[in-house]
Amino acid sequence: MKQVFILRGLPGSGKTHYALNLADDLVAGDTSQFVICSTDDYFVGAGGYQFDKHKLPEYHNLNLARFIKALSEGIPLVIADNTNIKKWEFVAYIEAAHALGYQVKEVIVGEVKDKAMQHLYAQRNTHNVALRTIAKMAYQFEW
């Protein structure tokens, strides 16, 4: 069975951890059987993670291309690991997956509206996203 998981959640909510556990559970962590597609990967270089908002559209397009390539190769488990706050941000992923015969599941990771959890996410996210930004993302989150 070919499966796609679209992860959604605030920075620091545990999406990447969830993705890795999912790969362990479903394909025993066999790296030939899964791909995790995260736009964050494109911000990592020799100096570590360096976010540049001007590069975001380009990197989102590169991530979508990587996702579609994994689907076209028939990788059994493909995971989109982005915040996906608004539905339009991941509709192309869903359409591509359906077009290539994948079952799609959307998973919200963490507690989006819980203020205490937003504080925790601000403390533990690895990209230094401020609480104010996380709260704004939570407010804009589309169900």
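A few comments on the model shown:
- Between the helical axis of 131-140 and the longest alpha-carbon principal axis of the chain there is an angle of about 60 degrees.
- Karplus-derived 3J(HN,Hα) values for region 63-70, using 6.51 cos²θ - 1.76 cosθ + 1.60 with θ = phi - 60°, are 5, 4, 4, 4, 4, 5, 4, 4 Hz; glycine and proline are entered as x.
- Reach of Lys2 by Cα under 20 Å, taken over aspartates and glutamates that are not fewer than 8 positions away in the same chain: Asp24, Asp25, Asp30, Glu73, Asp81, Glu95, Glu106
- You can think of it this way: the chain between Glu106 and His17 has 30.4 nm of extra reach, that is 0.36 nm per residue less the Cα-Cα gap.
- Spatial separation of Cα centroids for region 1-57 and region 104-136, in angstrom: 16
- For Val104, the residues whose amide H sits under 5 Å from its own are Val4, ignoring neighbours fewer than 5 places away on the same chain, with H placed 1.01 Å from N.
- Overall form of region 51-104 per C-alpha gyration tensor (a/c, 1.5; a/b vs b/c): prolate
- Shown for the chain: the carbon plus sulfur share of the solvent-accessible area, taken with all protein chains present and a 1.4 angstrom probe, equals 55%.
- Karplus-derived HN-Hα couplings along region 111-125 (A = 6.51, B = -1.76, C = 1.60, θ = phi - 60°), whole Hz, x at Gly and Pro: 10, 5, 8, 6, 4, 5, 5, 4, 4, 4, 4, 5, 6, 9, 5
- Estimated FRET transfer efficiency (His127, Lys2; beta-carbon r; R0 35 Å; 0.05): 0.70
- Cα-based shape type of the chain, given that a ≥ b ≥ c are square roots of the gyration tensor eigenvalues and the cut on a/c is 1.5: prolate
- In sequence order, calculated HN-Hα J values of region 72-89 (Karplus, 6.51, -1.76, 1.60; Hz; x Gly/Pro): 5, 7, x, 4, x, 10, 10, 10, 9, 10, 10, 5, 6, 5, 9, 4, 4, 5
- Measuring between alpha carbons in the structure, the pairs from Lys69/Lys113; Lys55/Lys115; Lys15/Lys53; Lys53/Lys113; Lys15/Lys69 lying more than 27 angstrom apart are Lys69/Lys113; Lys55/Lys115.
- Inter-label distance, nm, simple model (7 Å from Cα along the C-beta direction), Tyr49/Ala92: 2.3
The values are calculated or read from the model by the stated rules, or taken from the named source; none is laboratory data. The structure displayed is predicted, hence computed values, not measured ones. No Cβ is skipped: glycine too gets one built from the backbone with ideal geometry, and neighbour counts run over all protein chains shown. For accessibility, only protein heavy atoms count, side chains too; no ligands or nucleic acids. Shrake-Rupley method; radii C 1.70, N 1.55, O 1.52, S 1.80 Å.
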